[in-house]
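Let me begin by presenting the structure, written as structure tokens, before commenting on it.
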Amino acid sequence: MTVALGLSVRTFSDGAWTGPVGDALYAVLIYLLVAILLPGKPRVQVVGAAMTACLLIEVFQLTGLPAELARSWPPIRLVLGTTFGVADLFAYAAACVLAFAVDRTLSNAVTLR
């Protein structure tokens, strides 16, 4: 669902809000992937790993390699992006914290039942 929302935001709208929303959904996807790959880890570690992964991918864009790879194979742009943006880091951090809060709240609700 996260992937579908992320692709839809960028496909069906070109408003100024689509960049930050797309970045946030990307970070939520990273959080979910880390949570799936590390199911026994505390959620604090999951959010830390997700934020670190987002940061590393964004900083990797400074090398220019992701943009070059995207010219060779355009779908890679969806995974690595192409240009560094400081605002992206804020969107990633906010989305990871929100994903953590939702995950923790839902986990607590299931535990209580």
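Determine whether L89 is under 24 Å from V47 (Cβ atoms), assigned to a helix (DSSP H, G or I) and either over 15 Å from the mean Cα position of the chain (by Cα) or at pLDDT below 95 (or both). The answer is no for L89. Just wondering, is there one or more residues in the range 92-108 that are part of a helix (DSSP H, G or I) and more than 22 Å from L32 (Cβ to Cβ)? Among the residues of the range 92-108, not one is part of a helix (DSSP H, G or I) and more than 22 Å from L32 (Cβ to Cβ), which makes the answer no. Residue pairs whose Cβ atoms lie under 8 Å apart, separated by 6 or more positions or on different chains, with the first residue in the range 67-95 and free of Cβ contacts under 8 Å to residues at least 24 places away in the same chain and the second part of a helix (DSSP H, G or I) and among the charged types (D, E, K, R), are A70/R77. Where helices (runs of 4 or more DSSP H) sit wholly within the range 16-84, those with at least 2 residues that are under 20 Å from G6 (Cβ atoms) and open to solvent by 70 Å² or more (accessible area, probe 1.4 Å) occupy 18-37, 43-60, 76-80.
The values are calculated or read from the model by the stated rules, or taken from the named source; none is laboratory data. Bear in mind that the values here come from a model prediction, so they are computed numbers and not experimental data. A quick note on method: Cβ atoms are made from the backbone with ideal geometry, for glycine too, and the neighbour counts reach across all protein chains shown. To get the accessible areas, we keep the full protein, side chains included, count just its heavy atoms, and leave off ligands, DNA and RNA. Shrake-Rupley method; radii C 1.70, N 1.55, O 1.52, S 1.80 Å.
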